[in-house]
Structures are given as structure tokens and as C-alpha cells.
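Written below as C-alpha cells is the structure these notes are about.
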Amino acid sequence: MHHLSNTDYKKLSKAERRKRRRATPKYRNLHASRERFLLKLNTELLYITHNLLNNYNIVIQL
């Protein structure tokens, strides 16, 4: 990645700044961690919901 001065960096378009930020290892790692956390949370909530529905003998066709 090219290192730009602060003034040159500000001249970049908003989309280009976003693209450069998202290309950093720090950003990619945080994004992956956040995705793993959300996936785990979603799985747990689906498991709880499934068990609650089973306890009340409610069947949902997916």
C-alpha cells in the first residue's frame, strides 16, 4: 500500500479512502472477528428459538 501525506490522503475520494482502509490487515481481522461473533450469536438464538417452539409443539416449515 502506498503511503500518502495527510493532505494527499484527504484528496482521495470517499470511496477510495474506504477501499484503502478496508484493505488493511487490522480492518480485515476485526471484520472477520465481528462476523464470527454474529454467526455464533445467530446460531445460539436459532437453537433457543427452536427449543422453545418444540416445547410448545409448534412446527414451522422452512
TODO: Return the only residue of ASN42, ASN57, ASN29, ASN51 being of a type outside the set (Val, Ile, Thr) and either touching a Pro at 6+ places or on another chain (Cβ under 7 Å) or on the phi > 0 side of the Ramachandran plot (or both).
DONE: ASN57
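Within region 10-30, identify whether any single residue is at pLDDT below 85, out of contact with any Phe, Trp or Tyr (no Cβ under 6 Å at 6 or more places or on another chain) and not β-branched (Val, Ile, Thr), and answer yes or no. Write out each step before concluding.
Going through region 10-30, the residues at pLDDT below 85 turn out to be 10.
From what's left, out of contact with any Phe, Trp or Tyr (no Cβ under 6 Å at 6 or more places or on another chain): 10.
Applying the additional criterion that residues be not β-branched (Val, Ile, Thr) yields 10.
Yes: one or more hits.
Suppose we filter region 14-62 for residues that are assigned to a helix (DSSP H, G or I) and in contact (Cβ under 8 Å) with a residue 12 or more places away in the chain; how many remain? Show your work before the answer.
Looking only at region 14-62, we keep the residues that are assigned to a helix (DSSP H, G or I), and these are 14-22, 25-55.
Subset that is in contact (Cβ under 8 Å) with a residue 12 or more places away in the chain: 20.
Final tally of qualifying residues: 1.
The values are calculated or read from the model by the stated rules, or taken from the named source; none is laboratory data. Note that this is a predicted model, so its numbers are computed, not measured. As a convention, Cβ positions derive from the backbone with ideal geometry for all residues, glycine included, and neighbour counts pool all protein chains shown.
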